[in-house]
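Contents: one structure, followed by commentary.
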Amino acid sequence: MSPILFELLLRSIWETILMTAASGLISLVFGLPLGLALVATDRGGIAENLWVNRALGAVINGFRSVPFIILLVALIPVTRLIVGTSIGTWAAIVPLSIAATPYYARIAEVSLREVDHGLIEAARAMGGNRWTIIREVLVPEALPGIVAGFTVTLVTLIGASAMAGAIGAGGLGDLAIRYGYQRFETSVMIAVVIVLIVLVCGIQWAGDRLVARLDHRN
Amino acid sequence: MNQHFAPVTEVMHPVGSRSAGPHDVVRLIELKRRFGATAALDGVSLSVRQGEILGIIGRSGAGKSTLIRCLNGLERPDTGQVFIEGRDISRLGERELQPLRRRIGMIFQHFNLLSAKTVEDNVALPLKIEGRPRAERLARAAELLELVGLSEKAKAYPASLSGGQKQRVGIARALAARPALLLSDEATSALDPETTRSILALLRDINRQLGLTILLITHEMEVIRSIADRVAVIDAGRIVEQGPVWSVFADPKSAITQSLLGGIRPQLPAEIASRLTQNAGVEAILRIDVAGEAARSPLLSDLASAVPGSFRLVHGGIDHVQQQPVGTLFVAVAGSNEAHLAQVIAFLKARNARVEVLGHVANSV
């Protein structure tokens with residue numbers, strides 16, 4: 001591999017990490033409250049409101065049913081509004097975040113839903129309000145699942161960021177297509193695959209470690 | 001204590017007739033709650049006095065869970081009133097209920113400890129909800145863990161505890177905010193008999209030491225027998241019987257109470273029961289229920305000297321409930337002479353025993 005290609009590889013790794021980390025963080029910040037809202041407004045939830053619940057569910061399902069490559073293009077006006085441009089790494093973070101947020105919301109919802117209803121009842125019996133229940137019961141008890149779900153989301157984002165090359169965002173996927181595939185640079189292709197494997201394994205390993213430390217359930 | 005020596009019939013309060021006194025921590029008036037077509041509570045009126053342990057017993061589905069949840073507003077009655085320390089809470093909003101619930105501790109069948117918090121943080125949680133500073137919370141948690149005998153587990157997580165230890169933590173947590181009332185929702189139903197005894201002993205100690213009023217629901221008569229002062233029997237959403245535990249044990253009025261007592265009271269052995277006939281035989285089988293003075297006196301030896309003829313004890317025993325002897329004896333009286341049998345029964349009745357002729361057996365067993 002030539003030094004130029006190597007430099008390109010390093011830049012692509014950085015772009016992939018940047019896209020994954022930024023959109024991952026955004027999906028966490030918006031997805032977790034969304035997941036909480038889904039559980040809280042559902043039947044028997046701490047803030048039961050079935051209309052809100054259905055509306056939220058419909059919006060989330062809507063975003064989740066659009067293939068990412070289409071979302072990437074369809075969101076160009078929104079991206080331009082937020083970032084000021086529709087091309088480049090930062091521009092890709094907008095559609096990546098918008099795709100990952102409902103995805104992560106659903107994952108967080110599953111973990112939050114698994115929290116034993118008896119624990120919520122105990123907190124209510126102690127005189128706790130909704131905020132207490134969220135802060136002391138729902139989130140801490142679901143935390144292992146919330147973290148494990150975030151790991152899954154990050155790995156999915158690495159995959160999705162490969163498509164961001166379509167709007168000139170760069171990244172490893174883009175590099176593999178343009179050099180490895182279109183220019184028959186097999187060494188680039190192999191290097192990209194290895195880097196991706198290492199990235200995914202690293203994220204998964206770190207996530208698993210964190211979950212093991214947080215999980216006191218047995 | 002004196003009232004325990006009064007004749008059974010005077011101690012029994014007709015259901016719902018007792019007027020509320022000034023020392024009632026809880027007073028329920030005509031509570032009704034329906035779930036769809038079934039009435040979970042169908043007009044329950046009940047009082048819990050300051051410092052007593054009231055046990056509510058019933059089969060599953062009798063309405064006891066709904067009842068206990070009405071006391072801290074986790075459940076709302078459709079109609080009726082719930083007075084806690086003189087204040088009607090049945091129409092209060094969630095926000096008004098929250099400070100009130102801090103006056104009421106609750107323990108649960110499945111403990112409901114937070115797995116993500118250490119034992120001390122679990123115990124301190126009610127104080128955190130009250131907004132107390134951390135130092136105060138931990139000091140109180142340490143004090144309570146000492147009380148329940150789990151000081152060395154303060155930094156452990158609940159998953160590493162046994163069922164009995166978890167319930168001790170649950171009790172410590174329920175006491176953290178110094179409640180006026182402790183609700184126990186089948187607190188020992190998930191525990192083995194030995195652990196159950198130690199948890200009940202702990203609740204009894206707490207009741208005595210702190211003067212804490214306890215309302216517990218259970219489906220096990222043994223729990224009532226061990227610690228309750230008074231018992232109320234609930235069936236199909238109604239209180240069918242209530243009174244001091246020993247008097248209800250001595251003279252259960254309703255079929256449901258008798259059936260709930262069945263497990264811990266002597267029963268006629270099946271091999272005799274299967275041979276009973278209503279025709280005169282070699283022996284007549286009598287069931288004799290005794291309580292108080294009748295159980296304390298040498299009843300059988302007095303019977304032997306007062307009425308000629310032989311009889312033998314088939315089965316039975318005398319138990320002590322709230323320091324009161326309460327017993328059931330099954331006696332086989334030889335011969336089937338009606339006059340003789342009437343003499344035996346008259347003697348026993350004169351001694352305040354309740355007698356029932358169950359039938360006759362053709363030959364002695």
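The values are calculated or read from the model by the stated rules, or taken from the named source; none is laboratory data. Everything numeric in this text was worked out from a predicted model, so none of it was measured. Here Cβ is always computed from backbone atoms with ideal geometry, including for glycine, and neighbour counts include all displayed protein chains.
Quick check: is even one residue across segment B:245-253 in contact with a helix residue (DSSP H, G or I) (Cβ under 7 Å, 6 or more places away or on another chain), assigned to a strand (DSSP E or B), over 18 Å from residue B:188 (Cα atoms) and not charged (D, E, K, R)?
Taking segment B:245-253 first, the residues in contact with a helix residue (DSSP H, G or I) (Cβ under 7 Å, 6 or more places away or on another chain) are B:245-252.
Among the residues that remain, those that are also assigned to a strand (DSSP E or B) are: none.
For segment B:245-253, residues in contact with a helix residue (DSSP H, G or I) (Cβ under 7 Å, 6 or more places away or on another chain), assigned to a strand (DSSP E or B), over 18 Å from residue B:188 (Cα atoms) and not charged (D, E, K, R): absent.
Among the residues of segment A:144-159, is there at least one that is facing another protein chain (nearest Cβ under 9 Å) and of a type outside the set (Phe, Trp, Tyr)? Reasoning before the result, please.
Within segment A:144-159, the subset facing another protein chain (nearest Cβ under 9 Å) is A:144.
Next cut, of a type outside the set (Phe, Trp, Tyr) only: A:144.
Taking every residue of segment A:144-159 in turn, at least one turns out to be facing another protein chain (nearest Cβ under 9 Å) and of a type outside the set (Phe, Trp, Tyr).
If we keep just the residues of segment B:301-328 that are part of a helix (DSSP H, G or I) and of a type in the set (Gly, Ala, Ser), which is nearest to residue B:54 (Cα to Cα)? If you could, list the steps in order and put the result at the bottom.
Looking only at segment B:301-328, we keep the residues that are part of a helix (DSSP H, G or I), and these are B:301-306.
With the extra rule that they be of a type in the set (Gly, Ala, Ser), the set shrinks to B:301, B:304-306.
On the way: B:301: 37, B:304: 40, B:305: 42, B:306: 42 Å.
Ranking the candidates gives B:301 first.
Of all residues in segment B:262-305, which are polar (S, T, N, Q) and either closer than 17 Å to residue B:347 by Cβ or in contact with a His (Cβ under 9 Å, 6 or more places away or on another chain) (or both)?
If we filter segment B:262-305 for residues that are polar (S, T, N, Q), which is where we start, we get B:267, B:274, B:277-279, B:297, B:301, B:305.
Answer for segment B:262-305, where residues must be polar (S, T, N, Q) and either closer than 17 Å to residue B:347 by Cβ or in contact with a His (Cβ under 9 Å, 6 or more places away or on another chain) (or both): B:267, B:277, B:278, B:279, B:297, B:301, B:305.
Which ones in segment A:162-218 are of a type in the set (A, V, I, L, M) and not in a helix (DSSP H, G or I)?
Kept after step one, since they are of a type in the set (A, V, I, L, M), are these residues of segment A:162-218: A:162-164, A:166-167, A:169, A:172, A:175-177, A:188-200, A:203, A:206, A:210-212, A:214.
Correct list: A:169 only.
How many residues does segment B:47-69 hold that are in contact (Cβ under 8 Å) with a residue 40 or more places away in the chain and assigned to a strand (DSSP E or B)?
7
Output the residues belonging to segment A:99-138 that are under 23 Å from residue A:55 (Cβ atoms) and within 14 Å of another protein chain (Cβ to nearest Cβ). If you could, list the steps in order and put the result at the bottom.
Of the residues in segment A:99-138, the ones under 23 Å from residue A:55 (Cβ atoms) are A:99-113, A:130-131, A:133-134, A:138.
If the condition is that a residue be under 23 Å from residue A:55 (Cβ atoms) and within 14 Å of another protein chain (Cβ to nearest Cβ), then A:111, A:112, A:130, A:131, A:133, A:134, A:138 are the ones that fit.
Each row is one residue, and each column tells you yes or no for (1) touching a strand residue (DSSP E or B) at 6+ places or on another chain (Cβ under 9 Å); (2) buried (at least 22 other Cβ atoms within 10 Å of the Cβ); (3) free of Cβ contacts under 8 Å to residues at least 60 places away in the same chain; (4) not acidic (Asp, Glu).
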site: B:168; (1), (2), (3), (4): no, yes, yes, yes
site: B:175; (1), (2), (3), (4): yes, yes, no, yes
site: B:186; (1), (2), (3), (4): yes, no, no, no
site: B:189; (1), (2), (3), (4): yes, no, no, yes
site: B:205; (1), (2), (3), (4): no, no, yes, no
site: B:209; (1), (2), (3), (4): no, no, yes, yes
site: B:217; (1), (2), (3), (4): yes, yes, no, yes
site: B:232; (1), (2), (3), (4): yes, yes, no, yes
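If I ask for residues that are without any contact (Cβ under 8 Å) to a residue 24 or more places away in the chain and within 13 Å of another protein chain (Cβ to nearest Cβ), which ones from segment B:70-97 would you list?
B:74, B:89, B:92, B:93, B:94, B:95, B:96
Considering only residues of segment B:113-139 that are assigned to a loop (DSSP other than H, G, I, E, B) and touching a Lys or Arg at 6+ places or on another chain (Cβ under 9 Å), which is farthest from the other protein chains (Cβ to nearest Cβ)? Outline the logic, then answer.
The initial filter retains those residues of segment B:113-139 that are assigned to a loop (DSSP other than H, G, I, E, B), namely B:113-118, B:131-133.
Among the residues that remain, those that are also touching a Lys or Arg at 6+ places or on another chain (Cβ under 9 Å) are: B:113, B:115-116, B:118, B:132.
On the way: B:113: 8, B:115: 5, B:116: 4, B:118: 9, B:132: 13 Å.
Filtering first and then ranking leaves B:132.
Residue B:232 is checked against (1) within 21 Å of residue B:328 (Cβ to Cβ); (2) small (Gly, Ala, Ser); (3) at pLDDT 95 or above and fails just one. What number does that condition carry?
Answer for residue B:232: the failing condition is (1).
With B:223, B:240 as the choices, which residue is closer than 22 Å to residue B:46 by Cα, in a helix (DSSP H, G or I) and hydrophobic (A, V, I, L, M, F, W, C)? Step through it out loud before you land on a result.
Working: B:240 fails: in a helix (DSSP H, G or I).
Matching residue, one of B:223, B:240: B:223.
Which members of segment B:140-183 meet the condition of being small (Gly, Ala, Ser) and within 12 Å of chain A (Cβ to nearest Cβ)? Steps first, answer last, please.
Residues of segment B:140-183 that are small (Gly, Ala, Ser), as a first pass: B:141-142, B:149, B:151, B:154, B:156, B:159-160, B:162-164, B:170, B:172, B:174, B:176-177, B:180.
Those that are small (Gly, Ala, Ser) and within 12 Å of chain A (Cβ to nearest Cβ): B:156, B:159, B:160, B:170, B:174, B:176, B:177.
Among the residues of segment B:140-156, which ones are assigned to a helix (DSSP H, G or I) and touching a helix residue (DSSP H, G or I) at 6+ places or on another chain (Cβ under 8 Å)?
Selection gives B:140, B:141, B:142, B:144, B:145, B:147, B:151, B:153.
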